[in-house]
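The structure appears below as structure tokens.
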Amino acid sequence: MAHIKFYSGEEVPLEMHKVRIVQKLSLPHIERRLEALNEAGNNTFLLKNTDIYLDMLTDSGVNAMSDKQLAAMMESDDSYAGSSTFTKLENKIRDIFGTDYFLPVHQGRAAENVLAKVFVRPGQVVPMNYHFTTTKAHICVNGGSVDEIIIDEGLEVTSSNPFKGNMDIAKLEAIIQKRGAENIAFVRVETGTNLIGGQPHSLENLRQVSNVCNKYGVLLVLDASLLADNLYFIKTREDACKQMSVREITRAIADLCDIIYFSARKLGCARGGGICTRSRDLFMKMRELVTLYEGFLTYGGMSVREIEAITVGLEETMDDDMISQGPQFIAYMVNELDRKGVPVITPPGGLGVHLDAKRFIPHVPQTEYSAGALASALFLVSGVRGMERGSVSEQRDDDGNEVYSNMELLRLAVPRRVFTMSQLKYAIDRIVWLYENRALIGGLKFVEEPKMLRFFFGKLAPTSDWQHKLVAKFRSDLGDSL
Ligand code: F0G
């Protein structure tokens, strides 16, 4: 990893790439942003890109591609069956993960659909370090349930534990003993654990999980969507791995798992996804469903251009400089905000920066969706679009009661190689202003609440006229600035 010291002593991560294609951005004034927020029902998923300055909604499908990826896309072999483009990807997966069998799918949740349909029977449980929204939905739709056994520190917002994504091994063994191995559909480890702030697991923890799975004959499935970030953290934070290359760490991870699946919208900086395994038997069990739901086995719903881009993107993920850019930018932002007293998840993880709404605006109760309110407020004062990762992202129980999430977070994703340092500094500046004016932020209430996946489509309204007051304060502090 490039470690370059500044003579000034300032600690600034340095980009090991240059920008060769640009997209023009606009920053509408705050009064227009207020209108846009109302039109979107205070749901950042419903905002239009033309109203947004920095889109920090997600890192999914919006990472910058390399010149080599774009060049490879031009060469793709567009055949329905037997495409040589697909063979290249299959070979790259075998080379990197050591898995002989590969099933292509159109994105990560499509892999989850296949896995859940093949392996989850009604009444079975899937122990995992932490759930992801689409994963849980697929397991539940197939009659299974999810048991989250992240280590206790995983749910502590501030911590110095370098591996908050680790699974609690004692709890894993206890569940298997209590439920019986035949009632465990599979064990799932999510690398770079998304919903708790992009927090990594260690290689050692995965080894322990794998030992337990082997002891009881239970399948170990790895969701490798956020593998790039987790590789960086294993390499930089796990003493036993500091001398290993990224490629060696990747192979050590893969060797411990029965099945690896990923969203290539994240891993490989393209779009698409896949399922990898060393077992012909497991491959044969899943094969039919891929052709049924995704497409023929040599494209799986992906465009061949994207398949070329994944092949190159996966190889680029084996490069220290490539995987360090995102986490280093995130760490810069987290450390700057933390220094200024803004409540953020620590230690810095991958994927993005996570603001802790429970501490940012303790006067807004969970019943008024504090993380959603913070997402609205930040968009209003900056044009930065984040994603609510709190109770709006949960779903009511069968009796219609609210299920409040463990954490109320505003996620500000930092897509890989997309934003510049001055854009991050702008975001930090506006977050700090908002924190100083946090008393003005109020709550939200649903005005349209779909039953399923309400965070995608639901509309909310402010519980008072707090947004107008925030606009007035912004104008009085920042004059006619955008
Ligand atoms: N697993 C993890 C850990 C993810 O973060 C995602 C997507 C998926 C599976 C599903 O993959 O979107 O390709 O179908 N995460 C995106 C996000 C949506 O914004 O965090 P997909």
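Pick out, from Leu460, Gly108, Thr191, the residue whose Cα sits farthest towards the positive end of the charge dipole of the chain, with +1 on the Cβ of Lys and Arg and -1 on the Cβ of Asp and Glu.
Leu460
First select every other residue whose beta carbon is under 9 angstrom from the beta carbon of Leu226; then total the charges, Lys and Arg +1, Asp and Glu -1.
So the environment of Leu226 carries a net charge of -3.
Got a number for carbon plus sulfur as a percent of the chain's accessible area, 1.4 Å probe?
51 percent
Keeping all protein chains in position, work out how much accessible area Tyr101 exposes to a 1.4 Å probe, and write it in Å² to the nearest 10.
Using a 1.4 Å probe on the heavy atoms, I get roughly 60 Å².
Calculate, for segment 240-323, the solvent-accessible area per residue in square angstrom, rolling a 1.4 angstrom probe over the heavy atoms of the protein chains.
37 Å²
I'd like the accessible area for Trp433, computed on protein heavy atoms only with a 1.4 Å probe and all protein chains in place. Round to 10 Å², please.
30 Å²
Using modelled amide H (1.01 Å from N, peptide plane; none on Pro or chain starts), what sits under 5 Å from the amide H of Leu54, excluding residues fewer than 5 places away?
Distant-sequence amide H within range of Leu54: Val384, Arg385.
What shape does segment 1-90 have by the C-alpha gyration tensor, where a ≥ b ≥ c are the square roots of the eigenvalues, rounded means a/c under 1.5, and otherwise prolate means a/b greater than b/c and oblate the rest?
Oblate, because a/c is 1.5 or more while a/b does not exceed b/c.
If you average the C-alpha positions of segment 290-359 and of segment 382-404 separately, how far apart do those two centres end up, in angstrom?
22 Å
Report, ordered by chain and residue number, the lysines lying within cross-link reach of Lys164, taken as a straight Cα distance under 17 Å and ignoring same-chain residues fewer than 8 apart.
Lys235
For segment 193-214 and segment 51-119, write down the distance between their C-alpha centroids in whole Å.
So the separation of the two Cα centres works out to 23 Å.
Excluding ligands and nucleic acids, what accessible area in Å² is computed for Ile4 using a 1.4 Å probe, to the nearest 10?
My reading of the accessible area for Ile4 is about 80 Å².
The values are calculated or read from the model by the stated rules, or taken from the named source; none is laboratory data. Only a predicted model underlies this, so the values are computations on that prediction, with no experimental measurement involved. When we count neighbours, we look across all protein chains shown, and the Cβ atoms used for this are built from the backbone with ideal geometry, even at glycine. When the accessible area is computed, the model is the full protein with side chains, heavy atoms only, and any ligands, DNA or RNA have been set aside. Shrake-Rupley method; radii C 1.70, N 1.55, O 1.52, S 1.80 Å.
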